[in-house]
Amino acid sequence: MSATLGFGVVAACALLSAVFVVRAVDLIRAVLWLGITLVATAALYAMLGASFLAGVQLLLYVGGVMTLMVFGVMITRRHEGIAPTATDTVRPVRGAVVAAALFGLVAAAIVNTEGLDEAPARALAPLTLADLGRSILVEHLLAFEALSLLLLAAIIGAVVIARRRDPGPLDEPTEASR
Amino acid sequence: MNDHLLSLIVAAPALAALVVMFLPDGARQAIRWVSLLGASVSLLGSIYALATYDSARAGLQRVEDYPIVPSMGVHLRLAQDGWGGPLLLLTGVIIFAGVLASWTVSKRDKEYFVLLLVLVSGVLGVFVSQDLLIFFLFYEVAVLPMYLLIGIWGASHAVPAKGPFQAAWKAFAVGDKQYAAMKLTLMLLVGSAAIMAAIFVLYLQAGATSFDLAHLAATSYDRDTQIIVFPLIWLGFGTLAGVFPFHTWSPDGHASAPTAVSMLHAGVLMKLGAFGVMRVGMVLLPEGTHFWVPVVGAVAAVNILYGALCAMSQTDLKYIVAYSSVSHMGVVMLGAATLTPAGWDGAVFQMVAHGIMTGLFFALVGIVYERAHTRAIAKMGGFATVMPGVAVFFTLACLSSLGLPGTAGFVSEFVVFLAAWRSGHLIWTIAGVLGAFITAIYVLRATRAIFWGPGPSDDFHELSDARRTEWGALIILGTSLVALGVWPRLLLDPIDVGTLTHLARLVPGVVR
Amino acid sequence: MTLSHCLLLATALFSIGVYGLLTRRHAIAVLLSVELMANAANICFVAFSRFRGGSGQLFALFALALTVAEVAVGLALVILLYRSHRDTRIDLASEMKL
Amino acid sequence: MTRPIVLALVGLFAPAAAALLLAVAPALRRRGTPAAALTILGSVASFGAALLLLADRLHGGPAALATVPWLRSGDSVIAEIGVCADGVSASMLVVVTLVALCVQVFSLGYMHDEQPPSFGRYFTYHALFLFSMNVLVLAPNLLQLFGGWELVGVTSYLLIGFYFRKPSAARAAVKAFWVTKFADMGLLFGLFVLFAATGSFRWDAHLAPAVATAVTLLFFLAVVGKSAQFPLHVWLPDAMEGPTPVSALLHAATMVAAGVFLIVRANPLFEQSETTRNVMLIVGAGTALFAACLALVQSDIKKVLAYSTCSQLGYMVAALGAGSMMGGFFHLTTHAFFKALLFLAAGSAIHAVHSNEIDDMGGLAKRMPWTGAAFVIGALALAGIPGFSGFFSKDLVLEAVEHRLGHVPWIALLGTAFLTAFYMGRVVVVAFFGAPSGEKAAHAHEAGWSMRGPLVVLAALSLLGGAFTAPFARLHGEPYALHLGVGPVLAAALALGGFALAYRVYGADRRAAPAVLEGLSKVARSRAVNRFYEFGFHRVALVVSSGLAWTDRYLVDGLINMIGYETLEGGRRARPLQTGLAPDYVLAVVLGVVGLAAWAVAQ
């Protein structure tokens, strides 16, 4: 019972803050609301027995990604456009309808799926950290290595893309800046 | 006996093209001689291949087999059957003459010769491929360079917008060379798509283990499949063979194309279409063929008559020849539709005969056009005075085209019409013979208008008779035309061997 | 707390992310929405791992790493966009139009 | 190889060798004289072989046949080519090669003023013609005969159009080819029917009556074209645009007679159909009379002779229709000699006067005695005056025709005999007697021996040709005895009357125009038959053709253009969908996801 209550609280936090993420006008605030969602998710992981993942989530996301985002916001503009265009009135409605439709469909599918909440035939042994480590470094070593390569590539790529080249394009508006 | 002769014949033009590609741009003579060398290797090789084909043994000879994708059963499998030799020879003759006729091309000559040679490799490959997928690949290799050859080296003219569909004229410059090239390519590609679909149906129904034509032919497909697939192949390949009403790429394409390209296209490429219909469509799908053959024959008869009638009122020399090709390809399809040994012999013979004849025609038209700078017949007249040699060969081509005994055209038309009549298709035959008569009207009218009459007017001061390499082209083509007309068994006997092998599957009675 | 609860929660988060994706115009806000959606997916992984077994956690871990990479590249792109357009509203970038 | 075969092959290939050599060696051809020498050499060889062949046959030598398979398909031989040396081919070969030789020698003088290249071209065509004609004559089956038939058509086309710079000659050449080619479709279809019925192209097959009628009627259509019978005679008068020796050889003596030769050859087939023979009788007699009428009012000497040729070919056709192969064939032979003679003599006169019009001539007999004598002998032979060759052959024809179809054809032919004498008398009187009508005619003089020699040879044959009647009959295994019945006497009397009348009318006034003839010349000038064909070509064929060409360009191809155009338009209409804005694409992706989810749920 307490687990259900805890889940309810966590879920409420996550959803509410998620709504703020997508509705906040000020981007810094949006980033911070996202942080709350992520923390709530980390809590959910912990409740689901994935404590290591919860830790990683906190470290990587809340610690790393959030910081990055804040910097990104600081480098660029903080607010969306000043003058709202005609599409600005249509767009939220459209988005809401589509998102609601998606949610409705998937939720209906989940609710209608029979036997989703039945207990598995045999009890599951909880996944220990050791199991996880072995799984990563033994069974899925290749994928792990590939992932590290990908990360390296992403980092280098990010640096290359974002690196300021000649001062030219920044200082003078080019033809591309319409 | 495996002397890799077929590989050599097929590869020689492509190798020559490769060499030409690495020659410096300015090496005009070297480019031409290397191209001619490649063409001669194919020509001589095909003569040798034809001469050494063992008619008594029949069947596939000089088989070469290189696995390409063994898991799917794709093999580069080349072999010569009875039909292969004559058709290789035709291609050899035409490309040889075509290179000679292109001697004076000056714009981007290197690229021109490269494309021409690549195209010919494709054609040669089709005639000896025994693997359907490779057959199709060669087919595409033969068809696609045409786009560039017409689009870059072609000639444009304007066609006024009229009729209920003139809206389309706004979008394309009808008559423009790019228009002609695009129309040709798109129509043929739509045809290719149909062929591709048909090939995969056949492949899958035959167990998806091999594209070998012999294997596919040994499979019996169910009747409904055959009835659905046959029209795909007929119209797919038929588009290239100028089957009505999918022939309209041909007049514009041929009119816009440069000389040697018209020669190759009308002379050889259109035959690929008819060859495909017979070799793939009819041989692999007997029941579908029997079901559809009344339509095929009727459309062929329409082709003959319609093409001839359209040609009669053309005012542009190249259009006349182009429509006459549409008409003559009808003879091929008519022969094929009789499903008799004589009809098929005649059809394949007509491929060769018409190939050479139309090659000669386009070579001559090219010569005239180069000198006179016009193709409008109304402006010409009396050219025989200054270009007697050209006039002689033009008359020869005309005579073959109207089916004069002693020229190759007679043999094929006579045999085809005889076969059609004998198998009871009286209406087709009457249409065909009438078409041949109308041919006599329009070709002789054109000859009279161009060559006869008082000497040329002052507008034409650059007229001169054919020059050295042009003579070469004309003489080779003209001699072949007469030689085949006088002694048709040179090619008819090997063709017959092939016919009997292929027809045996359709008409079980004709087993030798 | 059952599997379907977790899945419903994930769906809800994902849908909110979609809403954000469709409505926000600032590139970074779009990125934030994508993060929400990735997060929802991860919840599914972990939930299935918890209730049905299998290597869902492992997947979640890998997905996390991928997300980080994505964020890095995405932010770099945003910065580039800002530099070339002096703006980060994605609906102004219509270069994809022929 | 037996002797007849060798001889036949020599006869066939001697001119072929000459033609081939001239074709592949332009240097030889352009020099002119060597070309003439080669061609004449070929003709001499051919003629010698033909004579030997005929002599053998007359002494009872065997007929010989040698063939090789020419077209094979499957296990069956479709067609063979080769030579057939029997009585019919031997006698025809002699006639053809002899006349050809005479004409070629004559041409040496007649064409002397041509430039060497065109002189060479002329003789090359002649060699080609002789070869083609021999292919036809020596054909062992009807397919090869058809081959030769078409080839002589082409050489006729080339020779009529020899003066290709002259637009009228160019038109005449093409017209001749079209008309005969049209008729040739009959022969082609006849061959198809024959082959479908018997599986071969032999002329001695036995056919079902209906098939026999179909085959022979189809063949006869080709004969009507080639032998210029009504209503396909229109090309022959125009063909006179060719050089006169060509008219003598092709359009009088040999090529136009090929139609008659075909009937002679395929006589076993024609004998099987009463219907066809009646048609032949009617067409032949009708043409004979009709063409003779038109000949009355021509002022061009060659046109008179051309219509006369039509008329005489009508005789032959009628004789064959009456079942007398001997009569038709023998008239062909004698006609070849005297008509060639007439044309060559006319050519000689034209050469001297430089005009075709008989009104420009006059009194030529005095200045050109050889030519005048030759022409008169020819005219008498043509009119069938007793003693001349024409008398004997016409006798055979009239005898055969007499009792057929209620005497109507017979009367028509007798009338024709009268008219023939009248129009020939007119030409003789106007062109060769009386006073010269102008400077040129007054200074006309005989040409060299190359032109006189052939005239002498042919005149001798026209005069004495009657002597060949008996051997000719023996050769063809038919009984022959000269008997003077009503027909021959009546015909001779009518001929004499015709001459007399011509002398009465034109002797006094060379430009006399009797009222009867006025009407006729109106008919001749109206060119009704020609106009019918012209209408058919310009108003029907060309209109249909340009209609179809328009359809092809603007409907068939237009439709295809339209498909392309609509595709482009469709793309243009679909283009706004692509905004280039990322959010729109995202929306599309999400909608896709929603769609997929809906589909998954619905499953």
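The values are calculated or read from the model by the stated rules, or taken from the named source; none is laboratory data. Since we're looking at a predicted model, the values are computed, not measured. Positions of Cβ are backbone-derived with ideal geometry, glycine not excepted, and every protein chain shown enters the neighbour counts.
Data for the structure
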| read-out | value |
| --- | --- |
| Failed item, numbered, when D:Gly390 is tested on (1) within 18 Å of D:Tyr423 (Cα to Cα); (2) more than 24 Å from the chain's Cα centre (by Cα); (3) not aliphatic (A, V, I, L, M) | (2) |
| The stretch D:104-123 - residue that is surrounded by 24 or more Cβ atoms within 10 Å (Cβ to Cβ) and among the polar types (S, T, N, Q) and, of those, nearest to D:Ala258 (Cα to Cα) | D:Gln104 |
| Qualifying residue in the stretch B:99-118 (condition: of a type outside the set (D, E, K, R) and more than 22 Å from B:Ser256 (Cα to Cα)) | no |
| Residue match in the stretch D:138-151 (condition: more than 10 Å from chain B (Cβ to nearest Cβ), in contact (Cβ under 8 Å) with a residue 24 or more places away in the chain, aliphatic (A, V, I, L, M) and surrounded by fewer than 20 Cβ atoms within 10 Å (Cβ to Cβ)) | no |
| Enumeration of residues in the stretch D:271-314 that are farther than 30 Å from D:Leu364 by Cβ and among the basic types (Lys, Arg) | D:Arg277 |
| Some residue of the stretch B:377-384 being at pLDDT 90 or above, surrounded by fewer than 24 Cβ atoms within 10 Å (Cβ to Cβ), more than 27 Å from B:Gly92 (Cα to Cα) and out of contact with any helix residue (DSSP H, G or I) (no Cβ under 7 Å at 6 or more places or on another chain) | no |
| Close pairs (8 angstrom Cβ cut-off, 6 or more residues apart or separate chains): farther than 20 Å from A:Val39 by Cα in the stretch C:1-25, β-branched (Val, Ile, Thr) and not in a helix (DSSP H, G or I) anywhere | C:Ser4/A:Thr113 |
| Candidates B:Val365, B:Val411, filtered to the one that is more than 10 Å from chain D (Cβ to nearest Cβ) and in contact (Cβ under 8 Å) with a residue 24 or more places away in the chain | B:Val365 |
| Helices (runs of 4 or more DSSP H) enclosed by the stretch B:189-287 - at least 3 residues per element that are more than 30 Å from B:Lys177 (Cα to Cα) and modelled with pLDDT of 90 or more | B:223-240 |
| Spans of helices (runs of 4 or more DSSP H) in the stretch D:232-307 with at least 2 residues surrounded by fewer than 24 Cβ atoms within 10 Å (Cβ to Cβ) | D:267-270, D:274-296 |
| Set D:Leu380, D:Leu405: member being within 15 Å of D:His335 (Cβ to Cβ) and part of a helix (DSSP H, G or I) | D:Leu380 |
| Residue in the stretch B:443-460 that is facing another protein chain (nearest Cβ under 7 Å), assigned to a helix (DSSP H, G or I) and either touching a Pro at 6+ places or on another chain (Cβ under 7 Å) or among the β-branched types (Val, Ile, Thr) (or both) present | no |
| All helices (runs of 4 or more DSSP H) inside the stretch D:501-603 with 3 or more residues being at pLDDT below 85 and either facing another protein chain (nearest Cβ under 10 Å) or loosely packed, with under 14 Cβ neighbours inside 10 Å (or both) | D:515-526, D:582-602 |
| Candidates D:Arg171, D:Arg165 - the one that is surrounded by fewer than 23 Cβ atoms within 10 Å (Cβ to Cβ), out of contact with any strand residue (DSSP E or B) (no Cβ under 8 Å at 6 or more places or on another chain), at the interface with chain B (Cβ under 9 Å from one of its Cβ atoms) and touching a residue at least 40 places away in the same chain (Cβ under 8 Å) | D:Arg171 |
| Flag if D:Phe192 is in a loop (DSSP other than H, G, I, E, B) and free of Cβ contacts under 8 Å to residues at least 24 places away in the same chain | no |
| Any helices (runs of 4 or more DSSP H) falling wholly within the stretch A:1-57 and containing at least 1 residues that are touching a residue at least 40 places away in the same chain (Cβ under 8 Å) and facing another protein chain (nearest Cβ under 7 Å) | A:2-23, A:27-47 |
| All positions within the stretch B:97-111 that are assigned to a helix (DSSP H, G or I) and surrounded by fewer than 24 Cβ atoms within 10 Å (Cβ to Cβ) | B:Asp109, B:Lys110, B:Glu111 |
